[in-house]
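Written out below as structure tokens is the structure these notes cover.
The numbers here are math on the coordinates, done by the rules we state, and not lab data. Quick caveat, the model's predicted, so the values are computed rather than measured. Don't worry about glycine lacking a Cβ; one is built from the backbone with ideal geometry, like all the others, and counts go over all protein chains shown.
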Amino acid sequence: MIIGSFLNVVIYRLPKEGLSVVNPPYSVCPSCGYKIRWYDNVPILSYILLTGRCRNCKTRISLRYPFVEMCCTAGFFINAVLSENFLEFTALSVILSCSLIIAFIDAKYMLIPDVTLILTAAASVTLWITRGMAVQGLVAAAIVFSLLSLVSFLFKGGMGSGDIILLTSLAPSLGILGSLYTIAGSSILALLVLIIFFRNKLKLGTKIPFGVFIAPVGYVFVLTVKYLPGV
């Protein structure tokens with residue numbers, strides 16, 4: 001929950017100019033600038049006690065805060081259960097953390113921060129090493145990068161460079177079939193969300209923050225790839 005709380009800070013501050021993860025060194029209300037006291041900053045519990053509002057200005061606090069904290073808590077627990085060693089647990093937890101950051105930042109700003117791509121790639125390679133360094137992991141990365149780059153070229157930016165790098169970064173730990181599962185799963189999830197929630201607002205050429213769908217689906221398949229048939 002504490003790490004999830006930190007991820008919320010990263011999600012809010014990383015895309016904003018003039019802010020950094022460590023500056024200011026304390027949390028503030030985005031609406032009134034009120035310095036949040038430690039007792040109002042306890043993950044999940046403070047949100048419940050404050051009924052989802054700032055103590056000072058009473059502005060509603062986004063549900064994103066407890067949601068990220070709960071996802072992080074549940075994800076770390078699942079990682080611990082399914083991991084065979086601490087290194088695998090750490091790598092999975094880094095990918096989960098980056099997935100949450102990517103999903104929320106891409107949804108709002110249509111961008112994927114470089115630092116999340118670097119950390120995801122490092123964690124994916126770590127998993128590739130701990131799981132036996134199968135040649136197909138490297139082959140998958142080459143295929144994914146080549147195929148998606150070709151799609152982007154033919155359809156003139158049909159897929160953003162951040163999306164391509166994200167999928168390529170995950171490929172070593174996914175393998176060939178795992179990468180295909182991730183691409184298909186992300187596409188299906190995106191299609192369902194667009195049809196259900198945005199079917200009347202879509203126009204030809206509308207840009208879609210695909211990282212919102214790649215990140216969580218990629219994490220799920222990285223977590224479960226060793227249990228999938230044929231992988």
Problem set entry | Proximal charge balance of T51 [Cβ under 15 Å; K/R count +1, D/E count -1] | +3
Exercise. Put a dot 7 Å past each Cα toward the Cβ at K226 and R53; how far apart are the dots in nm?
Worked result: 4.9
For this session: Please go through the residue pairs K35/K58; K108/K226; K58/K207; K108/K201; K156/K207; K16/K156 and name each one whose alpha carbons sit more than 24 Å apart in this structure.
Result: K108/K226; K58/K207; K16/K156
For this session: Provide the convex hull volume over Cα atoms per residue for segment 86-231, in Å³.
Result: 103
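By count of other Cβ within 10 Å, fewest leading, how are Y219, Y65 ordered?
Working: Y219 24, Y65 21.
With the fewest neighbours first, Y219, Y65 line up as Y65, Y219.
Please compute the volume of the convex hull spanned by the alpha-carbon atoms of segment 1-82 and report it per residue in Å³. Mind showing how you got there, number by number?
Details: hull volume 8.0 nm³, N = 82.
Cα convex hull per residue, to the nearest whole number: 97 Å³.
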Seminar exercise, completed: Between the residues L14, T90, S169, the Cα farthest towards the positive end of the dipole of the chain, that dipole coming from +1 and -1 charges on the beta-carbon of Lys, Arg, Asp and Glu, is from L14
Exercise. Sorting D163, D114, D106, D40 on the 10 Å Cβ count, fewest up front, what's the list?
Worked result: D114, D40, D163, D106
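By the scheme Lys and Arg +1, Asp and Glu -1, what is the net charge of all other residues having a beta-carbon under 13 Å from that of I214? Mind showing how you got there, number by number?
On the way: positive: none; negative: D106, D163.
Result for the local shell: -2.
Rounded to the nearest 20 debye, what is the charge dipole size of segment 86-231 about its Cα centre when +1 sits on each Lys and Arg Cβ and -1 on each Asp and Glu Cβ? Intermediate values should be presented prior to the final figure.
Values: 8 positive and 4 negative charges, 93 e Å.
Dipole about the Cα centre, nearest 20: 440 debye.
What are the GluC sites (Glu not before Pro) within segment 1-103 that DSSP puts in a loop, where the Cβ has at most 13 other Cβ atoms within 10 Å? Kindly include the intermediate steps, with their values, before the conclusion.
On the way: sites: E17, E69, E84, E88; in loops: E17, E84.
Qualifying residues, ordered by number: E17, E84.
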For this session: With only Lys, Arg, Asp and Glu charged, each at its Cβ (+1 for the first two, -1 for the last two), find how big the charge dipole of segment 1-82 is about the Cα centre; round to the nearest 20 debye.
Result: 320
Exercise. If you take the charge dipole of segment 1-82 about its Cα centre, with +1 on Lys and Arg Cβ and -1 on Asp and Glu Cβ, which of G75, C32, G4 is farthest toward its positive end?
Worked result: C32
